[in-house]
Amino acid sequence: MSAFFSGFSSLSRAHQFSGAAVVALLAIAAPAQATDGYFAHGYGAQSKGLGGAGLAYPKDSLALATNPAAATALGDRWDVGVDVFTPTRRAAYRGTTQDRSYDGDGQATAFIPEAGWVRQINDRLAVGIVAYGNGGMITEYQDNPFARFGATGPAGVELQQLFISPTVAYKVAEGQSIGVSVNLAGQTFRARGLGPFAGYSQDPAHFTNNGVDTRFGYGVRLGYLGQVNDRLSVAAFWQSQTKFDAFDRYSGLFAESGDFDAPTTYGAGLAFKATPKLDLVADWRRIEFSDVTSVGTPLAPLLAGRPFGADDGPGFGWRDIDVIKVGANYTVNDQWQVRAGYGHAENPVPAGQTLLNIVAPGVVTDQYTVGATWTRPSGLEISGYALYAPSNTVRGSGSIPGPFGGGEADISLGETIVGISFGWKR
């Protein structure tokens, strides 16, 4: 029993400092990679090398960022890693008197940290905590695409969402675990160069060029991990909508006077030991962007007289998406593992919603990954991975309403990411 209270005390201390840690991470971290809409494609270098799969195949403590039940399968360990994220963002107009393309790569590279810790209290109970970027988006057009409507200066947005998740997991029967994480989150947002749209807002003074706004929120994540037999594992998770305080500085941009929550997401996965050395994994996930009014509502309400910032006002028009991830992990010997993966995410931005999404082109669909882990007898693990997401273009169709002159807006996004992590297990 004393071991339990010792471990829970450690988790409680981590919980107490989590708010300060969120603030610190928001201060130093750049927005997370936006490969699944504005969600990261995975968490932890080993899962990321598998295309982001691994709900039923936990490899390091960052597995708790998707499946809290994984804590019972990891032993005692900690992990810390960083990704180097390099996107290419483009926009173009067609069918207008000012047809041309624009480069949104004013800030070309981002560094994205993550960390996790897990401790086994006894043979049934485990606790842990992870800190990670849920997702994000950054665009910076030095040459403003909205200048044709009268905008001045650079244009772009910066969205960061960072989470700290204290976790408890319990083995309810041999090979069957459940877990819960409390998501303590912070997010920052800044918009620039969107002046021409401010005239369609109920609060034009709080629409654009108001600096960085920081808000905090909370939610919960539930997970299950089960061993069907010696070769097959299954898993499932559900993450609630993360409720954030409204962005006061951008209450005229986002619907419901600045409300911007993180959407509900859920999914399932399996892992299969094909041979003693080869493991195959597959995940399915659902992200419900449309449940967040400021994200899911299309631009159409604007034409019906409902302004930006109103409870039923226009938004970015993102639809819900399904994500499929598959990967293979091969154990070469006691020191080396190699892996590869593929992920496919549906594009959340419809062809009729590209105009406003010039500053939020989260349209990557295909992701290809490779990775490896080197393990030392001391318990040290060094893992690395690389991701390539070829550029995907959404060609606008009915995308520029009459008040803005007609024509079409096209948006594109491609990404490369490399990452490294250090872990220690015992």
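The values are calculated or read from the model by the stated rules, or taken from the named source; none is laboratory data. Here the structure is a predicted model, which is why all the values come from computation and not from measurement. For neighbour counting, all protein chains shown are included, and Cβ atoms are generated from backbone atoms with ideal geometry for every residue, glycine included.
Summary table
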read-out	value
Number of the condition not met by Val228 [criteria: (1) more than 21 Å from Gly179 (Cα to Cα); (2) out of contact with any Gly (no Cβ under 7 Å at 6 or more places or on another chain)]	(1)
Arg77 being within 19 Å of Ser47 (Cβ to Cβ), surrounded by 15 or more Cβ atoms within 10 Å (Cβ to Cβ), touching a strand residue (DSSP E or B) at 6+ places or on another chain (Cβ under 6 Å) and of a type in the set (Lys, Arg)	yes
Segment 86-98 - residue that is in contact (Cβ under 8 Å) with a residue 12 or more places away in the chain and surrounded by fewer than 19 Cβ atoms within 10 Å (Cβ to Cβ) and, of those, farthest from Gly402 (Cα to Cα)	Thr86
The one condition in (1) part of a strand (DSSP E or B); (2) under 20 Å from the mean Cα position of the chain (by Cα) that Ala271 fails to fulfil	(2)
Selected residue [touching a strand residue (DSSP E or B) at 6+ places or on another chain (Cβ under 7 Å) and closer than 30 Å to Thr275 by Cβ] from Val370, Val363	Val370
Condition broken by Gly54, with the remaining ones in (1) at negative phi; (2) at pLDDT 95 or above; (3) in contact with a helix residue (DSSP H, G or I) (Cβ under 6 Å, 6 or more places away or on another chain) satisfied	(1)
Subset of segment 87-104 [in a strand (DSSP E or B) and either modelled with pLDDT of 95 or more or more than 30 Å from Gln46 (Cβ to Cβ) (or both)]	Arg90, Ala91, Ala92, Tyr93, Arg94, Ser101, Tyr102, Asp103
Identity of the residue in segment 402-411, closer than 17 Å to Ile358 by Cα and out of contact with any helix residue (DSSP H, G or I) (no Cβ under 7 Å at 6 or more places or on another chain), that ends up surrounded by the fewest Cβ atoms within 10 Å (Cβ to Cβ)	Gly406
Those residues of segment 251-268 which are in contact (Cβ under 8 Å) with a residue 60 or more places away in the chain and either within 14 Å of Pro307 (Cβ to Cβ) or part of a loop (DSSP other than H, G, I, E, B) (or both), in sequence order	Leu253, Phe254, Ala255, Phe260
Hey, Ser61 closer than 21 Å to Gln161 by Cα, of a type in the set (Ser, Thr, Tyr) and at pLDDT 95 or above or not	yes
Unique match (being among the β-branched types (Val, Ile, Thr) and at pLDDT 95 or above) among Val84, Val80	Val80
From the options Ile324, Ile358, residue that is of a type outside the set (Asp, Glu) and closer than 20 Å to Gly51 by Cβ	Ile324
Counted residues, segment 215-267 - those being β-branched (Val, Ile, Thr) and either buried (at least 17 other Cβ atoms within 10 Å of the Cβ) or within 18 Å of the chain's Cα centre (by Cα) (or both)	4
Condition broken by Ser399, with the remaining ones in (1) surrounded by 15 or more Cβ atoms within 10 Å (Cβ to Cβ); (2) not in a loop (DSSP other than H, G, I, E, B) satisfied	(2)
Complete set of residues in segment 113-122 that are surrounded by fewer than 24 Cβ atoms within 10 Å (Cβ to Cβ) and either outside any strand (DSSP E or B) or at pLDDT 95 or above (or both)	Ala115, Trp117, Arg119, Gln120, Ile121, Asn122
